[in-house]
Amino acid sequence: MFKGFVILKVMNIKPRSIKNDERGIGLLFEILLVVVVLAVVGGVGYKVMKSKKEDKPAVTTSTETTEEWAYVDMAVEGEFADADVVQTSDTTWRLYYATQPEVVGNNFEIYSATSSDGKTWTEESGTRKTMATFPEVIKLKDGRYRMYFQSAGVIKSAISEDGLSFVDEAGTRIDKTNSVDLTFDNVAAPTIMQDEDDRFVMVYRGTINERYAENTPNPTTQLFMWATSDDGLSFTKQGIAVDSRDATLNGQLDGPDIVLWDDGDYRIFATTYTGVYEFTFDGTAFTNPTLALAGEAKQTDMGFSGAPPGDPTVAKIGDTWFMYYGKTTGIAYATLK
């Protein structure tokens, strides 16, 4: 600051002709004096600035890496979708998956396969369930398995002793009514967890029969609702979990999967037009979304292109996090780097 002030004063000196008289000598002396002052001040200013620069810590680039999912291979090939994975023992995991609804003549079958490493899956014989879509299976604390699924536009459930043979439970778990005055054409795609207080928390999709925007592919709008239960059968609806009606999600959310993460938080992974997005749930509220895996999906000024990873399910097998999701050729998987 002081150096700048001196320069300003020098620039304001008015030019004068130097003649061979006493005023010329005086002016020459004045100019020489100013030059000396500038040199001294400049040297001092440089040293001060250099000293301050050396005292200031160097700016470093963070070495922290962000989470990155990368496609690895196919887990199950065929016309399947809507995967869900459950740990059945210390060394075994079971993958449930459904027939793609577009398959001609299908009976909405649900199948299963097992694995010890998350990479190689062996199909189990028979079907786990028919006339059901979007299977979600939870292993209860008493050792039984409960499957939640969509049927006739609502969410129902079935119970099993071994995770293979399921028997329908009476009643409806979640219907189309809600506490926020939304008119749903159907509810579907449930995901559920049981917290440390034994409370069941379900997140599910509600479909509004109205296109969100002119350039969106689907003629409907889909968002997430949530509900809680003490027994896993009778649920209290809590309202909107994640509202997709914004410029990020474009009115589309589907196939949620909730999982307990390493840090103790619950994370939800779900499909949109542009890929799989991730949310965090703290027990009462849901965070804003972040993109986890785009796959082939893209968004441009012209609209959307490419198929996003469909209806993800996430599990930690060994020391590796796996994400299983639908493709046109079957159930694929990605791992977290």
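The values are calculated or read from the model by the stated rules, or taken from the named source; none is laboratory data. All values reported here derive from a predicted model rather than from experimental measurement. Ideal geometry is used to build each Cβ from the backbone, glycine not excepted, and the neighbour counts take in all protein chains shown. Ligands, DNA and RNA are stripped out before the accessible areas are found, and what is left, the full protein with its side chains, is counted by its heavy atoms. Shrake-Rupley method; radii C 1.70, N 1.55, O 1.52, S 1.80 Å.
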From Gly232, Gly239, grab the single residue that is over 14 Å from the mean Cα position of the chain (by Cα), in a loop (DSSP other than H, G, I, E, B) and in contact (Cβ under 8 Å) with a residue 40 or more places away in the chain.
-> Gly232
Which is open to solvent by 10 Å² or more (accessible area, probe 1.4 Å) and either in a strand (DSSP E or B) or of a type in the set (S, T, N, Q) (or both), of Thr313, Thr280?
-> Thr280
Gly264 vs. criteria in contact (Cβ under 8 Å) with a residue 60 or more places away in the chain, outside any strand (DSSP E or B) and surrounded by fewer than 18 Cβ atoms within 10 Å (Cβ to Cβ) = no
Starting from residues that are of a type in the set (S, T, N, Q) and outside any strand (DSSP E or B), keep the ones in region 93-126 and report whichever is surrounded by the most Cβ atoms within 10 Å (Cβ to Cβ).
-> Gln100
Are any residues in region 283-310 surrounded by 16 or more Cβ atoms within 10 Å (Cβ to Cβ) and closer than 18 Å to Glu77 by Cβ, and if so, which ones?
-> Gly295, Pro309, Gly310
Residue ID - surrounded by the fewest Cβ atoms within 10 Å (Cβ to Cβ), chosen from residues in region 235-249 that are within 14 Å of Val203 (Cα to Cα) and among the β-branched types (Val, Ile, Thr) | Thr236
Gln252: open to solvent by 40 Å² or more (accessible area, probe 1.4 Å), in contact (Cβ under 8 Å) with a residue 12 or more places away in the chain and either within 15 Å of the chain's Cα centre (by Cα) or farther than 26 Å from Ser115 by Cβ (or both), yes or no?
-> no
